[in-house]
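Shown next, in structure tokens, is the structure this report addresses.
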Amino acid sequence: MRKMRFYFDYNASAPMLPSAQAIYKAQCEYVGNASSPHAFGRMRRRALDEARAVFSDFFSCSPRGVIFTASATEANNLALLGFVTSHLIVSAVEHDSVWNCAKEAKKRGHKVSVIGVDGAGRLDENELAHAVSEGALVSLMAANNETGVIWQMEQFAPLIHEAGAFLHVDGVQALGRVNADVFAAADMVSVSSHKIGGALGAGALILCSKNEDFLSKCAPVIHGGGQEYGLRGGTENVSAIASFGVALKACVTLPMRDELRDQFEHELRHFFGTRLHIWGETSRRLWNTSCFGIAGWRAEEAVLALDLEGFAVSSGSACSSGHIRTSRVMRAMGADEDKAREAIRVSFGAEHRAQDIQSLCAAIKKLAPLAIESTLAI
Ligand code: PLP
């Protein structure tokens, strides 16, 4: 009999919220291109405008500052490779969609500076102050997708702006999980629909700078029919975008349930004691994310063992060509290979119940000792 599955991988993709699903389905019934002048097109345009208004209200920017894309990966590409600058500054723990854009910018001859973090996942502010230069673009994440560590953008923004540089915030994991003022100091923000309960297939780059020179520096990376104010060519995915707007309205009303993460970590600490490591434990973290390791339990084995019991979690390690590649984030936080290989991420949703957390803890408490004993016995 197939065991009941428990989904604890919201940071990878969250389930669609009912209201987002309803508008998505309704929009899929319609035909038309939002750029067409006829009634069918105008109806699609209305749905697009309504979603755009939700974002411009939320980010206090003009509707023209809301550039819909197909994903946050694309929004990050637009931010980092579209913005006109010769100096890009990123942190060592950014998501691959930022990290690989920085690599690409370097290939194209731009200067790229990488800012380190400490063992608790905190950004090295002195390094940032030293690196920042006039006209540079600094790209920092508001919350880390692996550890959940939150960065206060208002702490870094003054030194970036005073140097005449610009701040791009990868807000994918923070949206709906952190107070909106985390974005207030940003010049642009990337966000993703499927992380907040909207459909897959929509993202946005929000241009919310108060600097008058800013817009003249924005250029498209996808050239096409002039959609999205000329900054992103391609017919808009109206169904997904409409659900994104509805999801944004809904997700900010959901409770931030710190007690779930606290219950989870407390139960594991009680059982595993000093064998348990919690990444970023002393930093401010997302209420829904716990990244932990149990000494001697490899994360890739843990993910498979938990999956067999019906629990979906994730690990930072990835297997490529028969080799395990550990997470760049863990390494940047100073972990050795063994410790990095033990990093497991669980990410909750507001609808999880205390007994779901208990079930997950019970499975971990059952599986980890078995795996550790069998390793010790070899
Ligand atoms: N940025 C961060 C911090 C993420 O966690 C992710 C996805 O996990 C992305 C960007 C990319 O988002 P998308 O899946 O919409 O491309």
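Before moving on, here are some points about what is shown:
- Bridge type composition, the chain - antiparallel percent by DSSP, nearest 5: 55
- The gain in end-to-end length when the THR282 to GLU162 segment is fully stretched comes to 40.2 nm, 0.36 nm per residue minus the alpha carbon separation.
- Remark: the PHE271-GLU373 segment gains 35.2 nm on full extension, using 0.36 nm per residue and subtracting the alpha carbon distance.
- Segment ARG42-GLU154, extension gain: residue separation times 0.36 nm, minus the distance between their alpha carbons: 36.3 nm
- Built amide H within the under 5 Å cut-off of TYR7, gap 5+: ALA312
- Pairs beyond 32 Å (Cα-Cα), from LYS195/LYS365; LYS25/LYS106; LYS25/LYS217; LYS103/LYS249; LYS111/LYS210; LYS25/LYS103: LYS25/LYS106; LYS25/LYS217; LYS103/LYS249; LYS25/LYS103
- Computed 3J(HN,Hα) for segment 161-176, one whole-Hz value per residue from the Karplus formula 6.51 cos²θ - 1.76 cosθ + 1.60 where θ = phi - 60°, is 5, 5, 7, x, 9, 10, 10, 9, 10, 7, x, 4, 8, 7, 4, x, glycine and proline marked x.
- ³J(HN,Hα) computed for each position of segment 241-255 - Karplus, 6.51 cos²θ - 1.76 cosθ + 1.60, integer Hz, glycine/proline x: 5, 4, 5, 5, x, 5, 5, 5, 4, 6, 5, 6, 9, 6, x
- Among HIS110, HIS223, sorting on how many other beta-carbon atoms sit within 10 Å of each Cβ, with the fewest leading, yields HIS223, HIS110.
- Shape of segment 266-378, Cα gyration tensor, a/c cut at 1.5: rounded
- Each helix, a run of at least 4 DSSP H residues, gives -39500 (n - 2.57); summed and divided by the residues of the chain, these come to -11000 deg cm²/dmol at 222 nm.
- Here the 3J(HN,Hα) profile of segment 55-66, calculated from phi with Karplus coefficients 6.51, -1.76 and 1.60 at θ = phi - 60°, is 6, 5, 5, 4, 9, 6, 10, 6, x, 5, x, 9 Hz, Gly and Pro shown as x.
- FRET efficiency, ASN179 to ASP338 (Cβ-Cβ, R0 35 Å, nearest 0.05): 0.45
- Put in order of Cβ neighbour count within 10 Å, fewest first, the listed residues CYS291, CYS361, CYS208 become CYS361, CYS208, CYS291.
Any read-out appearing in this document is the output of simple, stated calculations on the displayed coordinates, not a laboratory observation. Computed from a prediction, not measured in an experiment: that's the story for all the values here. In this analysis, Cβ positions are derived from the backbone assuming ideal geometry, glycine residues included, and neighbour counts consider all displayed protein chains.
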